[in-house]
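A single structure is presented below for examination.
The values are calculated or read from the model by the stated rules, or taken from the named source; none is laboratory data. Remember, predicted model here, so these are calculated numbers, not experimental data. Ideal geometry is used to build each Cβ from the backbone, glycine not excepted, and the neighbour counts take in all protein chains shown. Remember, those area values only see protein heavy atoms, side chains included, never the ligands or the DNA or RNA. Shrake-Rupley method; radii C 1.70, N 1.55, O 1.52, S 1.80 Å.
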Amino acid sequence: MTASPWPEGMSKAIGNRSFVVGLTITGIVAIMAVLSFVWTPYAVGTLDIAGKLKPPSWSHWLGTDHYGRDILSMIMVGSRNSIAVAFVSVAIGLAIGVPLGLWAAARGGWIDELLMRLNDLVFAFPALLSAVMITAVFGPGAINAIIAIGIFNIPVFARVARGAALSLWPREFILGARACGKGAARITIEHVLPNIANLLVVQATIQFSLGILAEAGLSYVGLGSQPPMPSWGRMLFEAQTMIGLAPHMALFPGLAIVITVLGLNLLGDGLRDVLDPRLRRER
Amino acid sequence: MNNFAKSALVGAALALLTSSAAFAARADLVLGIVLEPPHIDPTAGAAAAIDEIVYANIFEGLTRIGPKGEVLPALAESWTLSDDGKTYTFKLHKDVKFHDGTSFDAEDVKFSLDRARGGDSTNAQKGLFAAIDTVEVVDPLTVKVTLKQPSGDFLYNMGWGDAVIVAPESAQTNKEKPIGTGPFKFDSWAKGSQIVISKNAAYWGKPALLDKATFRIIPDPAAATAALLAGDVQAFPVFPSYETIAQFEADPRFKVVIGTTEGETILGMNNKKPPFDNLKVRQAIAHAIDRKALIDGAMFGLGTPIGSFFPPHHPAYIDLTSQTAFDPELSKKLLAEAGHPDGFKTTLKLPPPTYARRGGEIIAAELRDVGIQAEIVPLEWAQWLDQVFKNKDYDMTIVSHTEPNDLNIFARDDYYFNYDNPAFKDLIKQIEATSDDAKRTELYQEAQKILATDVPAAFLFQLPKTGVWDAKIEGLWENGPIQANDLTAVKWAD
């Protein structure tokens, strides 16, 4: 049971269309973000007012914005921002939510009850609205956006981890481990966690795409990262009043968000099909 | 049902009903405004949004400012000035009534002026009344105002929104339910949405041509554009979306009127806080800014560059922009001389208007080019007023000062610039005591030169008045000589 699903999964993965397409799109976005550290077609901090609002051309593939900045360069650097915010907020959710969920499953009783009710409390708030509230109180900026989005990832991972762990605890191999005298903490780390890892990976992919959307939403209302750091959400906001003059300003950051989120969702779907042992048996 | 179908149906119904009668001219108007006023008593607040609703519509003063910035008679039908230049005798209009039915007479004038300059006055512009020594009631229709010294500005000052005449019976409640003498009376205020005023049938002077006017609060530029295009709002006297103006210009249904305002847009600097206490640093910042790029980028070409704190349409204006011309190399050299060869880190606090937010992004980029790293901090208006304006907790900020004749703010003690130049203060005192036009012009020019040399702030551009309204509307002001939307002569063309 603790054996890796990969050798068998590999061929299955290559045959899974949504996994392949999702991985390709996500890979391209990731490469774009990494590339932007060393190279962008134009520097994003430099303005060229005389060359503003130019439609796509050979010199500016995606056109220029209202300050004459190259939109392709902005999208490349902006992807860094989106990925960083989404990544760290997922990491926060994993790092805090998973131990809480595992703890609740291992101990049961009033601890389980308390943790899950606290979870429900956080869950009950609409995530994006509360994120707006948090950034409004503590000030706009990328760090606060990460914290705000991260907080709402905690209960998601706590639930997934608890649910999956609870279904494992009555199983024979866990009983066996207990019979050998292993403690709850050791069993959790050695036996429970490896067996729910695939579920967590799938959930992380989905939360990652939600994180990208949330970051875009917060920047759109001016609460995400601040200029001059480009961000997709703010690019959309700035394009809003220029839509009649320069539709490309809204089109490309919008497409960037749609494609990235689509890619991550396909990847998540594909991963679930590939990794879920139950599905594997049923097919 | 979509709007078109709806209006077509309504139109058809109306046509049936009134097919024999001629259509009466339309008599209602919805105006868009960007900011909601905190309250609507012009004698108790500095917010331009107050005057933009009540000035000349609800409240009137002894005099009023006309569309060209000229002084016109209002509640005072005429006045005489004594030979020593210190005593004004105002003859008041008769049969004037406040909106609540109480009558207006010389006692109300004395009450209003004494209240505005009294010790517990909450007037935002007490300086307007500083020259007044005594106010005497001669008879119910005559008031005598004696000044401490002759003042060239007095009649103009009495035309400000802050100097309107209020009644003792209603002075306390004007913030929520303003009672004035004007051609319109206050109707209702739905907070966050709109303020409605309607025609005052008992008005003493030429009656208003509109029956009802609604000021709808629309802070978002994109929503402002949509509201105008949909016809929900028929006039935006100060339209906030500069980039869509070209679109309205090309549309025959709309009229676009680009006028001037008294708004000097500046990059304010905290003159007492290092490194801004160093003249060379302030000069370096001024030289790092390309005004043309700023106007093109932030304002879509609308706006006139200024080199000092004075509006270009004023007869005493001199163009001093060359004194702080765009010159990054000179800027770097000045920074090095000031002991900051590698620049420094600072913050730039920006209030919500488009000119500030966009201008800030451009200026921050230009400052980066000379080595100054300015972190942008966006603020809401209330935060800006508290942090920057009141507590002077800032390095740099961008704001437009839209009051007329406001050169004297650089002479104020404890103003947010923290600028303190005794020579300039003396000059402002002299200007206030001078009534000879030629001499005043000379003094105004000297004052402009001092500011251009001292660079207490970087002077950017004069804010344009970007009016967009339905082509069939007549009578709205082209320029903004004072914060106002005077609706007294506004009507729909037949």
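Is it the case that the range B:185-197 has a residue that's surrounded by fewer than 17 Cβ atoms within 10 Å (Cβ to Cβ), of a type in the set (D, E) and touching a residue at least 24 places away in the same chain (Cβ under 8 Å)?
Filtering the range B:185-197 for residues surrounded by fewer than 17 Cβ atoms within 10 Å (Cβ to Cβ) gives B:187-188, B:190-193.
Adding the requirement that they be of a type in the set (D, E) leaves B:187.
Cutting the leftovers down to touching a residue at least 24 places away in the same chain (Cβ under 8 Å) gives us B:187.
Yes, the conditions are met somewhere in the range B:185-197.
Scan the range B:71-86 for residues that are in contact with a Lys or Arg (Cβ under 6 Å, 6 or more places away or on another chain) and either part of a strand (DSSP E or B) or aromatic (F, W, Y) (or both) and jot them down.
Within the range B:71-86, the first condition is being in contact with a Lys or Arg (Cβ under 6 Å, 6 or more places away or on another chain), and the residues that meet it are B:72, B:74, B:77-78.
B:L72, B:E77, B:S78 - these are the residues of the range B:71-86 that are in contact with a Lys or Arg (Cβ under 6 Å, 6 or more places away or on another chain) and either part of a strand (DSSP E or B) or aromatic (F, W, Y) (or both).
Being open to solvent by 40 Å² or more (accessible area, probe 1.4 Å), farther than 20 Å from A:I96 by Cβ and more than 14 Å from chain B (Cβ to nearest Cβ) is the filter here, so list the residues in the range A:134-182 that pass it.
Hits for the range A:134-182 are A:S167, A:P170, A:R171, A:E172, A:F173, A:L175, A:R178, A:A179, A:C180, A:G181, A:K182.
Now for a different question. So, in the range B:56-78, exactly how many residues are in contact with a strand residue (DSSP E or B) (Cβ under 8 Å, 6 or more places away or on another chain) and either at positive phi or open to solvent by less than 10 Å² (accessible area, probe 1.4 Å) (or both)?
Filtering the range B:56-78 down to residues in contact with a strand residue (DSSP E or B) (Cβ under 8 Å, 6 or more places away or on another chain) leaves B:56-58, B:62-66, B:71-78.
Remaining after also requiring either at positive phi or open to solvent by less than 10 Å² (accessible area, probe 1.4 Å) (or both): B:56-58, B:62-63, B:65-66, B:74-76.
Residues meeting the conditions: 10.
Taking the range B:264-295 on its own, how many of its residues are of a type in the set (D, E, K, R) and assigned to a helix (DSSP H, G or I)?
Taking the range B:264-295 and keeping what is of a type in the set (D, E, K, R), we get B:264, B:272-273, B:277, B:280, B:282, B:290-292.
After this cut, where a residue has to be assigned to a helix (DSSP H, G or I) as well, the list is B:280, B:282, B:291-292.
Looking only at that region, the number is 4.
Does at least one position in the range A:253-265 carry a residue that is at pLDDT below 90, out of contact with any Ser or Thr (no Cβ under 8 Å at 6 or more places or on another chain) and either open to solvent by less than 30 Å² (accessible area, probe 1.4 Å) or within 14 Å of chain B (Cβ to nearest Cβ) (or both)?
Kept after step one, since they are at pLDDT below 90, are these residues of the range A:253-265: none.
The answer is no; no qualifying residue exists.
State all residues of the range B:157-178 that are of a type outside the set (A, V, I, L, M, F, W, C), outside any loop (DSSP other than H, G, I, E, B) and under 16 Å from B:A484 (Cα atoms); if no residue qualifies, say none. Quick ask: steps written out before the conclusion?
To start, the set of residues in the range B:157-178 that are of a type outside the set (A, V, I, L, M, F, W, C) comprises B:157, B:159, B:161-162, B:168-170, B:172-178.
Filter once more, so that each one left must be outside any loop (DSSP other than H, G, I, E, B): B:157, B:161-162, B:172-173.
Answer for the range B:157-178, where residues must be of a type outside the set (A, V, I, L, M, F, W, C), outside any loop (DSSP other than H, G, I, E, B) and under 16 Å from B:A484 (Cα atoms): B:N157, B:G161, B:D162.
Would you mention how many residues in the range A:56-95 are small (G, A, S), within 21 Å of A:I28 (Cα to Cα) and open to solvent by less than 10 Å² (accessible area, probe 1.4 Å)? Spell out the reasoning first.
At the first step, the residues of the range A:56-95 found to be small (G, A, S) are A:57, A:59, A:63, A:68, A:73, A:78-79, A:82, A:84, A:86, A:89, A:91, A:93, A:95.
Subset that is within 21 Å of A:I28 (Cα to Cα): A:63, A:73, A:78-79, A:82, A:84, A:86.
Still in the running and open to solvent by less than 10 Å² (accessible area, probe 1.4 Å): A:63, A:73, A:78-79, A:82, A:86.
Adding up the residues that qualify gives 6.
Yes/no per residue for (1) away from chain A (no Cβ under 11 Å); (2) over 21 Å from A:Q226 (Cα atoms); (3) of a type in the set (A, V, I, L, M, F, W, C):
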{"site": "B:A288", "(1), (2), (3)": "yes, yes, yes"}
{"site": "B:S308", "(1), (2), (3)": "yes, yes, no"}
{"site": "B:L330", "(1), (2), (3)": "yes, yes, yes"}
{"site": "B:L348", "(1), (2), (3)": "no, no, yes"}
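Just wondering, is there one or more residues in the range A:189-198 that are closer than 30 Å to A:G254 by Cβ and surrounded by fewer than 21 Cβ atoms within 10 Å (Cβ to Cβ)?
Kept after step one, since they are closer than 30 Å to A:G254 by Cβ, are these residues of the range A:189-198: none.
Looking through the range A:189-198, none of the residues is closer than 30 Å to A:G254 by Cβ and surrounded by fewer than 21 Cβ atoms within 10 Å (Cβ to Cβ).
Which of the numbered conditions does B:K429 fail, given that it passes all the others? Conditions: (1) assigned to a strand (DSSP E or B); (2) under 25 Å from B:A130 (Cβ atoms).
Evaluating B:K429 over (1) assigned to a strand (DSSP E or B); (2) under 25 Å from B:A130 (Cβ atoms) leaves (1) as the failure.
Can you go through B:A433, B:A458 and tell me which one is touching a Pro at 6+ places or on another chain (Cβ under 9 Å) and either crowded, with 16+ Cβ neighbours inside 10 Å or touching a residue at least 12 places away in the same chain (Cβ under 8 Å) (or both)?
Details: B:A458 fails: touching a Pro at 6+ places or on another chain (Cβ under 9 Å).
Going through B:A433, B:A458 in turn, just one is touching a Pro at 6+ places or on another chain (Cβ under 9 Å) and either crowded, with 16+ Cβ neighbours inside 10 Å or touching a residue at least 12 places away in the same chain (Cβ under 8 Å) (or both): B:A433.
I need the full set of residues from the range A:210-238 which are in a helix (DSSP H, G or I) and either at the interface with chain B (Cβ under 10 Å from one of its Cβ atoms) or surrounded by fewer than 23 Cβ atoms within 10 Å (Cβ to Cβ) (or both), in order please. Explain how you work it out, then say what you get.
Start the filter on the range A:210-238 by keeping residues that are in a helix (DSSP H, G or I), which leaves A:210-220, A:232-238.
Those that are in a helix (DSSP H, G or I) and either at the interface with chain B (Cβ under 10 Å from one of its Cβ atoms) or surrounded by fewer than 23 Cβ atoms within 10 Å (Cβ to Cβ) (or both): A:L210, A:L213, A:G217, A:Y220, A:L236, A:F237, A:E238.
When you go through (1) farther than 14 Å from B:G182 by Cβ; (2) in contact with a Phe, Trp or Tyr (Cβ under 9 Å, 6 or more places away or on another chain) one by one for B:F104, which number turns out not to apply?
The failed condition is (1).
Given the structure, is A:T188 away from every other protein chain (no Cβ under 14 Å) and in a helix (DSSP H, G or I)? Before you say what the answer is, go through the steps one by one.
On the way: away from every other protein chain (no Cβ under 14 Å): yes; in a helix (DSSP H, G or I): yes.
In short, yes.
Yes/no per residue for (1) aliphatic (A, V, I, L, M); (2) farther than 20 Å from B:L31 by Cα; (3) without any contact (Cβ under 8 Å) to a residue 12 or more places away in the chain:
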{"residue": "B:A235", "(1), (2), (3)": "yes, no, no"}
{"residue": "B:F239", "(1), (2), (3)": "no, no, no"}
{"residue": "B:A284", "(1), (2), (3)": "yes, yes, no"}
{"residue": "B:D290", "(1), (2), (3)": "no, yes, no"}
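Scanning for something within 14 Å of chain A (Cβ to nearest Cβ) and more than 20 Å from the chain's Cα centre (by Cα), does the range B:201-223 turn up at least one residue? If you could, list the steps in order and put the result at the bottom.
Residues of the range B:201-223 that are within 14 Å of chain A (Cβ to nearest Cβ), as a first pass: B:218-223.
After this cut, where a residue has to be more than 20 Å from the chain's Cα centre (by Cα) as well, the list is B:222-223.
Looking through the range B:201-223, at least one residue is within 14 Å of chain A (Cβ to nearest Cβ) and more than 20 Å from the chain's Cα centre (by Cα).
Among the candidates B:A246, B:A298, single out the residue that is of a type in the set (G, A, S), outside any loop (DSSP other than H, G, I, E, B), within 14 Å of chain A (Cβ to nearest Cβ) and open to solvent by 10 Å² or more (accessible area, probe 1.4 Å). Please lay out each step first, then the result.
Working: B:A298 fails: open to solvent by 10 Å² or more (accessible area, probe 1.4 Å).
Just a single option satisfies the conditions, and that option is B:A246.
Looking at the range B:125-139, I want the residues that are over 18 Å from B:Y156 (Cα atoms) and assigned by TED's automatic domain parsing to the domain that holds B:A163 and have a partner that is at pLDDT 90 or above and open to solvent by 60 Å² or more (accessible area, probe 1.4 Å) with Cβ atoms under 7 Å, at least 6 apart or on another chain. Which pairs are those?
B:E136/B:K144; B:V137/B:E107; B:V137/B:K110; B:V138/B:K144
Separate question: Considering only the range B:120-156, state which residues are farther than 16 Å from B:A171 by Cα and assigned to a loop (DSSP other than H, G, I, E, B).
From the range B:120-156, those farther than 16 Å from B:A171 by Cα are B:125-156; that's our starting set.
B:Q125, B:A130, B:A131, B:P140, B:L141, B:K148, B:Q149, B:P150, B:S151, B:G152, B:D153, listed by residue number.
Show me the helices (runs of 4 or more DSSP H) entirely contained within the range B:320-398 in which 2 or more residues are of a type outside the set (A, V, I, L, M, F, W, C).
Working: elements: B:328-337, B:354-369, B:381-384.
Those helices (runs of 4 or more DSSP H) span B:328-337, B:354-369.
Could you go through the range B:367-376 and let me know if any residue there is over 20 Å from A:V221 (Cβ atoms), among the polar types (S, T, N, Q) and more than 14 Å from every other protein chain (Cβ to nearest Cβ).
Within the range B:367-376, none of the residues are over 20 Å from A:V221 (Cβ atoms), among the polar types (S, T, N, Q) and more than 14 Å from every other protein chain (Cβ to nearest Cβ).
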